[in-house]
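*Asks:* Next up is a structure, given as structure tokens.
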Amino acid sequence: MNKLLSTALAGMALLASAGLAQAADKTLLLGVSDALTGGGAVYGVPQKRAIDLAIEQVNSAGGVKIGADTYRFKTVEYDDKADPTEATNVARKLIDRDNVKFLLGYCCSASGGAVASFIGREDVIMLVGTAGARAITSAGHANVFRTRPPGDYTGAAAGRFIYQQGVKTLGVLAVRDVALFTQYREALIKAYEEAGGKVVAVETFGGQDRDMTAQLTKLRGLGAEALFISGYVEQVAFAYRQSHELGIRVPRFGFSGGSAEQFLKVASNEQMDGVWDLLAVEFNVEVLGDKAKAYDAAYRQKYNDTPTPNSAFAYDQVYVLRDALQAAQSVSDLKKIQTALRNLAVPKEALLKYLPVQGKMFDGKGQAYISNGAFQWKGGKWNFHGELPSDANAYSEFLKTVKN
């Protein structure tokens, strides 16, 4: 009788322990909103892939430890098409239908900005990747955090750099009505002219345009000593190709952030030769070292493709969230998690070279900063020329004064 009772009790203990082990391994749902189709997909798809890769790595490394529980990340994702209305609808679905408390992604300013404009009223946390419009963080919502710096943070440094290259007159060709590019361009022109340069004209093109020959011809006729071209990767690549076809041989500077592979789909190595890209130092294996090499290898193995420069912003989002949850020791107390985010050090797995403000990854408005850099096209790829002046503390002080 005692033996039977002992055996039964042992069996019950085993079942109970198995049940506890199963209960301790939980799922935390993350919402992903990004441009998975359309023109913005050149940024959105790599971001989504980077998030998936980081989640896979976090989960396989043991997940997120919260007390006695272990949480594994899982995503529910939607295509916001880089469209403000669609992004707003996606956010409502994620919050109201899917009960998601953490939103990730957001490659484009129009869609990311639309969600950021109302998300401060919602009981969620929003982590923004590549979308660079200043208003996303300048509004100061306590639940919004961004890994990419605003466009004007880099634009001012780029304007000074162009003047330092001996360029006294500059022609500007840029996409219109895209906040990231317009804010970058305005800061560039201001810094360039303050340094002593003259902008002969600003020509623009629409978000779907691919033929910029008329604008390029006009700028050539005005005698610009150099060109500055900014916009989405494919459009900028067409402008570089067309400027070469028109026989324009002045120095060309730009801002787009595309990979070599993306540019070579449109323009040849010869047509790209000597072009400059002036941007925050995004993902670059040669500049960022061993962690970047490991990420590059893992991304290529998983997707049979090269990671784009912007993909690292989204990859780092996942590790930022993991560290904040573990610091807060909660997945439900959003106030506590927000506090953890505002006091967060840069995660050891982060790929990019962040410039902490007062020792913290995010400043008081939830904005992170990385170094700025100059890259030049030589030998079929972007080559790192060097860092541009980057004062994260000064820009953070400026951001405190901005409301939109």
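The values are calculated or read from the model by the stated rules, or taken from the named source; none is laboratory data. Remember, predicted model here, so these are calculated numbers, not experimental data. Every residue, glycine as well, gets a Cβ built from its backbone with ideal geometry; the counts of neighbours run over all protein chains shown. The protein model used for the area step is the full one, side chains on, heavy atoms only, and it has no ligands, DNA or RNA in it. Shrake-Rupley method; radii C 1.70, N 1.55, O 1.52, S 1.80 Å.
*Asks:* If I go through the range 379-392 residue by residue, how many of them are within 15 Å of A156 (Cα to Cα) and either of a type in the set (S, T, N, Q) or loosely packed, with under 15 Cβ neighbours inside 10 Å (or both)? Before the answer, list the steps.
*Replies:* Applying the first criterion (within 15 Å of A156 (Cα to Cα)) to the range 379-392 yields 387-392.
If we keep only those that are either of a type in the set (S, T, N, Q) or loosely packed, with under 15 Cβ neighbours inside 10 Å (or both) as well, we get 387, 389-390.
Final tally of qualifying residues: 3.
*Asks:* Among the residues in the range 12-20, are any in a helix (DSSP H, G or I), open to solvent by less than 40 Å² (accessible area, probe 1.4 Å) and at pLDDT 95 or above? Reasoning before the result, please.
*Replies:* First, pick out the residues of the range 12-20 that are in a helix (DSSP H, G or I): 12-20.
Among the residues that remain, those that are also open to solvent by less than 40 Å² (accessible area, probe 1.4 Å) are: 19.
If we keep only those that are at pLDDT 95 or above too, we end up with none.
No; the residues of the range 12-20 include none that is in a helix (DSSP H, G or I), open to solvent by less than 40 Å² (accessible area, probe 1.4 Å) and at pLDDT 95 or above.
*Asks:* Same structure, new question: Pairs needed: first member in the range 295-324, farther than 19 Å from T70 by Cα; second member anywhere, part of a helix (DSSP H, G or I) and at pLDDT below 95; C-beta distance under 6 Å; at least 6 residues apart or different chains.
*Replies:* D296/V285; T306/E261; N310/Y43
*Asks:* Right, next: Can you list residue pairs whose Cβ atoms sit under 7 Å apart, with the first residue in the range 351-366 being among the small types (G, A, S) and the second being not in a loop (DSSP other than H, G, I, E, B)? Count only pairs 6 or more apart in sequence or on different chains.
*Replies:* These pairs meet every condition: G364/K400; G366/T137; G366/V144; G366/F145; G366/R146.
*Asks:* Among the residues of the range 80-121, which ones are open to solvent by 30 Å² or more (accessible area, probe 1.4 Å) and not in a loop (DSSP other than H, G, I, E, B)? Lay out the reasoning, then the answer.
*Replies:* Taking the range 80-121 first, the residues open to solvent by 30 Å² or more (accessible area, probe 1.4 Å) are 81, 83-86, 88-89, 92-93, 96-99, 101, 110, 117, 120-121.
Within the range 80-121, P84, T85, E86, T88, N89, R92, K93, D96, R97, A110, S117 meet the criteria.
*Asks:* Output the number of the condition that P356 fails; it satisfies all remaining conditions of (1) open to solvent by less than 20 Å² (accessible area, probe 1.4 Å); (2) at pLDDT 95 or above; (3) more than 22 Å from S33 (Cα to Cα).
*Replies:* Evaluating P356 over (1) open to solvent by less than 20 Å² (accessible area, probe 1.4 Å); (2) at pLDDT 95 or above; (3) more than 22 Å from S33 (Cα to Cα) leaves (1) as the failure.
*Asks:* To continue, here is another question. Taking the condition small (G, A, S) and open to solvent by 10 Å² or more (accessible area, probe 1.4 Å), does G373 pass?
*Replies:* Values: small (G, A, S): yes; open to solvent by 10 Å² or more (accessible area, probe 1.4 Å): no.
Judged against the criteria, G373 is not a match.
*Asks:* From the set of residues in the range 255-278 that are among the acidic types (D, E) and surrounded by fewer than 15 Cβ atoms within 10 Å (Cβ to Cβ), which is nearest to the chain's Cα centre (by Cα)?
*Replies:* Residues of the range 255-278 that are among the acidic types (D, E), as a first pass: 261, 270, 273, 277.
Narrowing further to those that are surrounded by fewer than 15 Cβ atoms within 10 Å (Cβ to Cβ): 261, 270.
Numbers: E261: 19, E270: 29 Å.
Filtering the range 255-278 for residues that are among the acidic types (D, E) and surrounded by fewer than 15 Cβ atoms within 10 Å (Cβ to Cβ), the one nearest to the chain's Cα centre (by Cα) comes out as E261.
*Asks:* Another question, then. Looking at the range 279-339, what helices (runs of 4 or more DSSP H) fall wholly within it and have at least 3 residues that are among the small types (G, A, S) and open to solvent by 10 Å² or more (accessible area, probe 1.4 Å)?
*Replies:* On the way: elements: 285-288, 290-303, 311-328.
Fully inside the range 279-339 and qualifying: 290-303.
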